[in-house]
Structures are given as structure tokens and as C-alpha cells.
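Rule-based calculations on the coordinates, nothing more; no lab input. All figures in this text were calculated on a predicted structure; none of them were measured in a lab. Methodologically, a virtual Cβ is constructed for each residue, glycine included, from the backbone with ideal geometry; neighbour enumeration extends over all protein chains shown.
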Amino acid sequence: MDGGRRQRGGRGGANGVSRGAGRCRYMKGEWSECDAATNTRTRTLTLKPTGRNSPDCEPTKVQTKRCPRTDRPNRRGDRQRQ
């Protein structure tokens, strides 16, 4: 028995879903500067102009993620540890 784990083989996607024809392919834009108010940054994904995209694909998408620690504002003000 495999302990409930699923084996992944080949180039299939998660949960055994095929990643072949009918998927959406996007060009990734640059990440924005860190927004101090939300502690996030965003980038726009634009659908690649190929004939292999599914008709259900969105023309553009926006991805959001947290800022890396080095970009985050100092929560203690300008004071540094000594």
C-alpha cells in the first residue's frame, strides 16, 4: 500500500489531470513594486497568441503574492537592532 499518496508520472498535472491540448499558456509580465499598504506585489499574465489555447482561456490574468522580506517596510520605524 502507498499510504494514500498518489504517484506522479510523466508530465501530467496535479490530480492526474492531463496538461496537454486545451490548456492556457500565458506570457508573464514583470512583478510590480511592493505595495507597503497591502504587503503585496502583482504581475499581469497575457494569453500567448497560439492556436493551442483552450477557448475558455481568459485574455489576461493578474497574479498577486506577498513581498519578499527584503522589500517589506520596517515595522519598527527606522530603528535598527544594535
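Numbers below:
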read-out	value
Rough spin-label spacing in nm, given labels placed 7 Å along Cα→Cβ, for LEU47 and MET27	1.5 nm
Normalised per residue, the volume of the convex hull around the Cα set of region 24-71 (Å³)	73 Å³
